[in-house]
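Q: Input: one structure, supplied below.
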Amino acid sequence: MARVAYTENDVNLVARMMRAEAEGEGQLGMLMVGNVIVNRLVANCLDFRDLRSIYDVIFQIQGGNYSFEAVQKGNVFYNRARGVEKRLAKRVLDSWREHPSRFALWYFNPYAPCPPTWYGQPFTGQYKLHCFYEPAANTCEGVYMG
């Protein structure tokens, strides 16, 4: 059973986002970005309450901007998803979860060492250039169940 219900359009959106945000970090880096997208959908807490679809996650606006830099800038996100990214997107939508993104709701590339927290949320680990952060204890049980 898949972690979330999804359509082919969802596969394409996740695949495009994974490519735009982490193509340079290889397949594992793209899977980790995809995992954060799915985590945000299942979490239903903190900044990610009431997100009901992959579309809602990817096009979420926070503080007047899209949550993901690739959507804000648009220049890479709007490239077509290729077969490899679509296969990776299906994997992450179905079941793939791995440390440090396993329970992460945030990631970013600080262009410096990863800070120990990100907006008060604990650092879980780094993969190549991306730092991953999961919710502080007892603030978002949904991410651990989904």
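The values are calculated or read from the model by the stated rules, or taken from the named source; none is laboratory data. For clarity, every value in this text was computed on a predicted model and none was experimentally measured. For neighbour counting, all protein chains shown are included, and Cβ atoms are generated from backbone atoms with ideal geometry for every residue, glycine included. Ligands, DNA and RNA are excluded from the accessible area calculation, which covers all protein heavy atoms including side chains. Shrake-Rupley method; radii C 1.70, N 1.55, O 1.52, S 1.80 Å.
Q: Tell me the helices (runs of 4 or more DSSP H) entirely within segment 4-110 that contain at least 2 residues that are within 23 Å of GLY142 (Cα to Cα), among the β-branched types (Val, Ile, Thr) and modelled with pLDDT of 95 or more.
A: 8-22, 26-43, 54-58
Q: Pull out all pairs, ordered by first then second residue, where Cβ-Cβ is under 8 Å, the residues are six or more apart or on different chains, the first lies in segment 52-65 and is over 15 Å from ILE37 (Cβ atoms), and the second is at pLDDT below 95 and open to solvent by 40 Å² or more (accessible area, probe 1.4 Å).
A: Listed by first residue and then by second, the contacts come to ASN65/GLN72.
Q: Is segment 95-104 home to any residue that is open to solvent by less than 40 Å² (accessible area, probe 1.4 Å) and over 18 Å from ILE54 (Cβ atoms)?
A: yes
Q: Tell me, which residue of segment 111-139 that is out of contact with any Lys or Arg (no Cβ under 8 Å at 6 or more places or on another chain), in a strand (DSSP E or B) and open to solvent by 20 Å² or more (accessible area, probe 1.4 Å) is farthest from ILE54 (Cα to Cα)?
A: Once the filter is applied, the top-ranked residue is THR117.
Q: Would you confirm, using the coordinates I've provided, whether ARG16 is crowded, with 21+ Cβ neighbours inside 10 Å, charged (D, E, K, R) and either within 15 Å of TYR107 (Cβ to Cβ) or in contact (Cβ under 8 Å) with a residue 12 or more places away in the chain (or both)?
A: Yes: the conditions hold for ARG16.
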